[in-house]
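All remarks here apply to the structure that follows.
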Amino acid sequence: MSSVSVYSYTHSVTYVADNILKSLKDIIRLSGLDPSNLVNSWESNMLALKTWLDSGHLERVVLEVYNPKTDALIIRWDVEIVYAWTSGDGSFWTDTEQLKYHILKAGLAPSEARYRLLMDTKSGRPDVEGWSSTSFRSTDGMVRQSLGSTVEHSGLGGNAAYWRKS
């Protein structure tokens, strides 16, 4: 019985990691930005996501959209990880319509905007090649809009939110 649970958890990790990256690609593309940087680093991003989801160290995935001239945050998208995995019925879903609605509501990013992907982890996380510590840009003067659960597989999932200017 334990081998079935291990396989199911591994499957949940893969499903959630893949759909978080696909959702971020949608955010980038529908915000009017070029998704090439995300696509070109897909393997590294996927390795980090799967490693830290599997170990339970991943707390949040963050997409910062910023002005490269001022380094100021324009908008920020968060996916907070939920670890409520069960070996039950294996339900899985991704709410792409809710996400698309809020991307359109947030509006297009300025053409000069750039983005970067960050992952917030608990201390003691395993190292992943190509990933190191950094700081988040300030969200001062911004308000957080919660979208709720956007991706789930058997209780392992992500709750999305975005930060916008108040």
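Taken together, the values in this text are just the output of simple stated rules run on the coordinates, not laboratory data. These numbers come from a predicted model, not from an experiment. Note that we place each Cβ from the backbone using ideal geometry, even for glycine, and neighbour counts take in every protein chain shown.
Quick look at the values:
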| read-out | value |
| --- | --- |
| Order by protection proxy (mean Cβ within 10 Å, highest first), peptides 137-148, 55-66 | 55-66, 137-148 |
| Sequence ranges 19-32, 40-53, ranked by mean other-Cβ count within 10 angstrom, highest first | 19-32, 40-53 |
| Options Y115, S41, A160, ranked by Cα towards positive dipole end of the stretch 2-165, top entry (Cβ charges) | Y115 |
| Tilt relative to the chain, helix 42-55 - C-alpha long axis, 0 to 90 degrees, to 10 | 50 degrees |
| Dipole magnitude (debye, nearest 20) for the chain, charges at Cβ of Lys, Arg, Asp, Glu | 500 debye |
| Quotient of Cα Rg and 2.2 N^0.38 Å for the chain, N being how many residues it contains | 1.04 |
| Peptides ranked, highest mean first, by Cβ atoms within 10 Å: ranges 69-78, 102-111 | 69-78, 102-111 |
| The chain: angle of helix 96-106 to the longest principal axis, Cα-based, in degrees nearest 10 | 20 degrees |
